[in-house]
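The values are calculated or read from the model by the stated rules, or taken from the named source; none is laboratory data. Keep in mind it's a predicted model, so treat the numbers as computed, not measured. Cβ atoms come from the backbone with ideal geometry, glycine included; neighbour counts cover every protein chain shown. These area figures cover heavy atoms from the full protein model, side chains too; ligands, DNA and RNA do not enter into them. Shrake-Rupley method; radii C 1.70, N 1.55, O 1.52, S 1.80 Å.
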Amino acid sequence: MISVNTNSAATTASFNLSNSNAMLRKSLGRLSSGNRIASPADDAGGLAVSMKLTAALNRTDAVSRNVDNAVSLLQTQDGALKTAASIADRMSELRTMAADVTKNSSDISNYDTEFQQLKSQLGNLSSEQFNGVSLFTAAAAATTLTVYTSEKGAGASTVKVDVSQSAFKTAFTTTGGADLTGSVTASLLTATTVADLTTVIENVATLRAANGAQMNRLQFSSDQLSANKTNLEAANSRIKDTDIAAESTAYAKYNILVQSGASMLAQANSLSNVALTLLQ
């Protein structure tokens with residue numbers, strides 16, 4: 001049938017061209033942005049999952065930074081403990097030399113002068129802080145700072161690591177009750193013994209061992225967070241990112257369809273001209 005008022009071939013060609021052009025524009029948008037999901041209509045469910053994964057990724061990054069900061073705190077704490085151990089070692093050396101029978105009272109007084117200075121330095125170390133947070137506690141027992149190592153944050157099932165504010169003053173208190181970090185002066189000979197200082201050195205060694213154990217645990221937590229981030233990124237990429245190879249093929253396909261559709265629409269529109277030839 002040949003008619004002038006209705007050209008179904010042109011209508012069909014126009015419909016196909018419109019669809020091909022829409023798909024071409026969508027493919028072009030995906031290739032230019034790198035995102036498979038340009039709007040919720042592209043994949044509503046996938047978009048919802050991607051948003052949750054993105055939020056989890058951002059929290060994981062934040063937790064990773066928190067863990068790194070906690071490691072830095074422990075490193076600073078260990079630096080202070082290392083210095084304190086050297087001071088305790090020197091104190092024990094002074095106490096040993098003061099016990100020499102060939103030393104007179106003036107010699108012992110000179111040893112005691114250095115001993116008092118070392119005590120003052122221990123007092124300074126006991127008040128060390130990291131970004132305003134005390135590295136040590138004045139209490140008899142260590143207090144803990146909770147470091148959350150999961151992007152889920154605080155909660156009943158939260159993964160966490162407790163970092164200790166070491167009981168520095170307790171470690172430097174002798175069995176006789178002498179506080180080697182205190183400001184009250186005490187004679188080297190009357191306040192301490194070699195055994196006392198040996199115990200102090202052992203106490204500091206224990207604090208450093210605890211510090212190292214906590215640091216190792218945090219570093220393993222950091223490794224786990226890095227692995228989790230990698231897996232979350234991979235999962236999120238599969239949902240929202242464009243497969244460039246596949247989309248390039250689709251783009252070429254839709255580009256050809258648009259060009260052929262435009263050509264066929266022009267051919268379909270020319271079919272009405274047949275009717276004119278019959279009227280001549």
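A few notes on this one:
- Residue-level accessible surface for Lys26, protein heavy atoms, 1.4 Å, Å²: 80
- Carbon + sulfur, % of accessible area of the chain - ligands and nucleic acids excluded, 1.4 Å: 55
- Furthest towards positive pole of dipole, Gly34, Ser86, Asn19, structure part region 10-91, Cβ charges: Asn19
- For region 1-80, the fraction of alpha-carbon pairs in successive 10 Å shells from zero, as %: 14, 20, 18, 15, 13, 8, 5, 4, 2, 1
- Seen from all directions on average, region 95-144 presents a Cα convex hull projection of 4.9 nm².
- Between Thr143 and Gln224, the distance separating the two model label sites (each 7 Å from Cα on the Cα→Cβ line) works out to 2.7 nm.
- Candidates Thr12, Thr230, Thr83: whichever shows maximal mean-square fluctuation once the chain is modelled as a Gaussian network with Cα springs under 10 Å: Thr12
- Nitroxide proxy distance, nm - points 7 Å out along Cα→Cβ at Gln267 and Thr113: 11.0
- When the chain is treated as a Gaussian network with alpha carbon springs shorter than 10 Å, the biggest mean-square fluctuation among Ser72, Ser270, Ser50 belongs to Ser270.
- Lys, Arg +1 and Asp, Glu -1 on Cβ, resulting dipole of the chain about Cα centre, debye, nearest 20: 1280
- By the equivalent-ellipsoid construction on the alpha carbon gyration tensor, region 130-214 comes out with semi-axes of 34, 13, 9 Å, ordered largest to smallest.
- Stokes-Einstein D (µm²/s) once Rh is taken as the Kirkwood radius of region 26-177 over alpha-carbon pairs, at 25 °C in 0.890 mPa s: 120
- The chain, relative contact order in percent, only Cα pairs under 8 angstrom and at least six apart counted: 36
- Note: region 44-134, Cα convex hull, 71 Å³ per residue.
- Signed unit charges on C-beta, dipole axis of region 107-201, positive-most listed residue Thr198, Phe168, Leu135: Leu135
- Once both labels are positioned 7 Å from their Cα atoms along Cα-to-Cβ, the gap between Phe15 and Leu31 label points is 2.8 nm.
- For a modelled paramagnetic label at Asn131, 7 Å from Cα along Cα-to-Cβ, the residues of region 68-84 in reach, with backbone nitrogen under 19 Å, are 68-80.
- Per residue accessible area in Å² of the chain, where ligands, DNA and RNA are left out and the probe is 1.4 Å: 57
- Whether region 178-256 is rounded, prolate or oblate, judged on the alpha carbon gyration tensor where a/c under 1.5 counts as rounded: prolate
- GNM remark for the chain: springs join alpha carbons under 10 Å apart, and the peak mean-square fluctuation among Leu31, Leu53, Leu125 falls on Leu31.
- Length gained when the stretch Thr96-Gln259 is fully extended (0.36 nm per residue, less Cα-Cα span): 49.0 nm
- Modelled FRET efficiency - R0 22 Å, Asn216 with Arg238, Cβ distances, 0.05 increments: 0.05
- Two-site FRET efficiency, Ala205 against Gln121, from Cβ-Cβ distance with R₀ of 25 Å, rounded to 0.05: 0.85
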